[in-house]
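Right, one structure below, let's go through it.
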Amino acid sequence: MNVYDSARMAEVLAPLGFVATDVVDDADMILLNTCHIREKAAEKLFSDLGRLRVLKTRKADSGDNLILGVAGCVAQAEGAEIMRRAPFVDLVLGPQTYHRLPEMVARLARGEGPVLDTEFPTEPKFDFLPETEAPQGVSAFLSVQEGCDKFCTFCVVPYTRGAEFSRPAASIIAEAKRLVAGGTRELTLLGQNVNAYHGDGTDGMNWNLARLLRALAAVPGIERLRYTTSHPRDMDDDLIEAHGDLPELMPFLHLPVQSGSDSILEAMNRGHTADDYRRIIDRLRSVRPDIAFSSDFIVGFPGETDADFAATLDLIRDVGLAQAYTFKYSPRSGTPAATMAKHVADDVASDRLQTLQALMTESQDSFNRSCVGKVLPVLFERSGRYAGQLVGRSPYAQGVHATASARCQGTVMPVRITGVSSNSLSGEVETMEVGA
Ligand code: 5AD
Ligand code: SF4
């Protein structure tokens, strides 16, 4: 979502004459868009700011102004602290106020001093953002829902991103059409809790995610749809059914479970058991047999015993995941888990993380190897490192390298998978006349 938000910030600033640059030294403004989900992500901000302070001073010495801003969830959670620890920062803005960036820049220009804006304004930012114009690539993100009301006991999102909010379907569909006009063929719908989507439909009814996906699948030019991140509790019947009958919906679902132990799931306030999760996976596989799954796991949550951890490993073995993101529990101040007893020792958590990662590497490798010999539809996104090579994605979001004509960029081609490396596949385009 930060990638999406950053692109929208660039768009808000474009009318003021700002253009993106890859050269840090050339920048007139640097906005760090931050993540607060784990401590490490938040710490990174202060070390980056230390480095940028040097650049700002150097620029000031040669008479140039560098606007330094911090956006995103660290800004939301620690705005005042940032102003205190890094008083050279000019702008601090949360994820719900970046549509006001032009106004903030104007205030700076008037010499009104540093701006801190971490409100949750009543005007939804999407109503104030300019319409997406710049091409976002063959595969693009589209934010449909923000915030979360689930309050998992370890998580800062309900505090930093705020309450659940769903964008109206009409503005999502309009954005999708503009993206398609700019060459996008694959859309990944974004939301912290995307399958809790419940926005105003174009027919005056309230739409769920399944209904929204159906409407987007009907937009000419959209070939692939994905959505992330989902909660098991919101995998409703309609959504499961959509996986069975929407060919545009890719057979790959990121569905975080966090733990395989029911007592840990309860302490996490997840609202489901490990068997509930197994049943959801089974139902999805019954409507879409080729579907694959990825998940998130936290090890070392307060109170996690060896038996709890073993239950997590069992769950992974039962479900057969294609991919997983694994994290050591990171206490976040203000969340209920941060003050829970039965802290797990760091070395124990580290050992568990290693064991989990070893199992996941095995599981992921075995999934990737199972693709060899198959013909997978690949959406080519860009040219590869070698002449005549294109890089695209399989339905399972694996990177695929293949020899193919530049004309295939932006199209879906059948590719016979011939090889596998640690994070990507290689193959040959099957159809002669199109691949030639
Ligand atoms: N500690 C460790 N991991 C966390 N996540 C969220 N909060 C924490 C935390 N406090 C992980 C969860 C979530 C993913 C985005 O980040 O697994 O699904
Ligand atoms: Fe955080 Fe996801 Fe739980 Fe919401 S559902 S509180 S975003 S982990």
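If the only charges are +1 at each Lys and Arg Cβ and -1 at each Asp and Glu Cβ, what is the size of the charge dipole of the chain around the Cα centre, to the nearest 20 debye?
On the way: 44 positive and 58 negative charges, 139 e Å.
Dipole about the Cα centre, nearest 20: 660 debye.
If you take every DSSP beta bridge fully contained in the chain, what fraction is antiparallel? Give it as a percent rounded to 5.
On the way: 24 of 62 bridges.
Counting DSSP beta bridges with both partners in the chain, the antiparallel share is about 40 percent.
Viscosity 1.002 mPa s, temperature 20 °C: what is the translational diffusion coefficient of the range 207-295 from Stokes-Einstein with a Kirkwood Rh over Cα pairs, rounded to a whole number of µm²/s?
Rounded to a whole number, D works out at 156 µm²/s.
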Net charge of Cβ neighbours under 13 Å - reference His36; Lys, Arg +1; Asp, Glu -1: +1
Cβ density ranking, 10 Å radius, fewest first, applied to Thr418, Thr118 yields Thr418, Thr118
Flagged as over-length at 30 Å C-alpha distance, from Lys40/Lys177; Lys125/Lys328; Lys328/Lys374; Lys44/Lys150; Lys150/Lys342, the pairs are Lys40/Lys177; Lys125/Lys328; Lys328/Lys374
Amide H of Val400: which non-local residues (sequence gap of 5 or more, or other chain) have their own amide H closer than 5 Å, using H built in the peptide plane? Gly392, Arg393, Ser394, Leu425
Under the definition of Cα pairs under 8 Å and six or more residues apart, what whole-number percent is the relative contact order of the chain? 10
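Would you mind ranking Glu175, Glu131, Glu428, Glu362 so that the residue whose beta carbon has the fewest other beta carbons within 10 Å leads the list?
Numbers: Glu175 21, Glu131 9, Glu428 15, Glu362 12.
Ascending number of Cβ neighbours within 10 Å: Glu131, Glu362, Glu428, Glu175.
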Can you compute the helix-only [θ] at 222 nm over the chain? Use -39500 (n - 2.57) per DSSP H run of at least 4 residues, normalise by all residues, nearest 500 deg cm²/dmol. -11000 deg cm²/dmol
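Can you tell me the dipole magnitude for the range 350-421 around its Cα centre, using point charges on the Cβ only (Lys, Arg +1; Asp, Glu -1), in Debye to the nearest 20? Don't skip to the end; give the middle numbers.
On the way: 8 positive and 4 negative charges, 63 e Å.
Value, rounded to 20: 300 debye.
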Dipole magnitude of the range 2-117 about its Cα centre, charges +1 at Lys/Arg Cβ and -1 at Asp/Glu Cβ only, in debye to the nearest 20? 260
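Taking every pair of distinct Cα atoms and averaging 1/r, then inverting, what Kirkwood hydrodynamic radius in Å comes out for the range 375-429? Before the final figure, lay out the partial values.
Details: mean 1/r = 0.0953 Å⁻¹.
Hydrodynamic radius (Kirkwood, Cα pairs) of the range 375-429 is 10.5 Å.
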How compact and how long is the range 32-187, expressed as Rg and Dmax of its alpha-carbon atoms in Å? 17.5, 50
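Please report Arg407, Arg393, Arg51, Arg332 as a ranked list, fewest other C-beta atoms within 10 angstrom at the top and most at the bottom. Before the final figure, lay out the partial values.
Values: Arg407 12, Arg393 25, Arg51 9, Arg332 21.
With the sparsest Cβ surroundings first, the list reads Arg51, Arg407, Arg332, Arg393.
Using the alpha carbons of the chain, what is the convex hull volume per residue in cubic angstrom, as a whole number?
158
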Output the lone cysteines of the chain: those with no second cysteine's C-beta under 4.7 Å from their C-beta. Cys35, Cys73, Cys148, Cys371, Cys408
Stokes-Einstein diffusion coefficient of the range 2-117, Kirkwood radius over Cα pairs, 37 °C, 0.692 mPa s, in µm²/s: 229
Which of rounded, prolate, oblate describes the range 125-370, given a ≥ b ≥ c as roots of the alpha-carbon gyration tensor eigenvalues and a/c under 1.5 marking rounded, otherwise prolate only if a/b is larger than b/c? prolate
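Taken together, the values in this text are just the output of simple stated rules run on the coordinates, not laboratory data. Given the structure is predicted, the values throughout are model-derived calculations rather than measurements. All Cβ positions, even for glycine, are placed from backbone atoms using ideal geometry, and neighbour counts span all protein chains on display.
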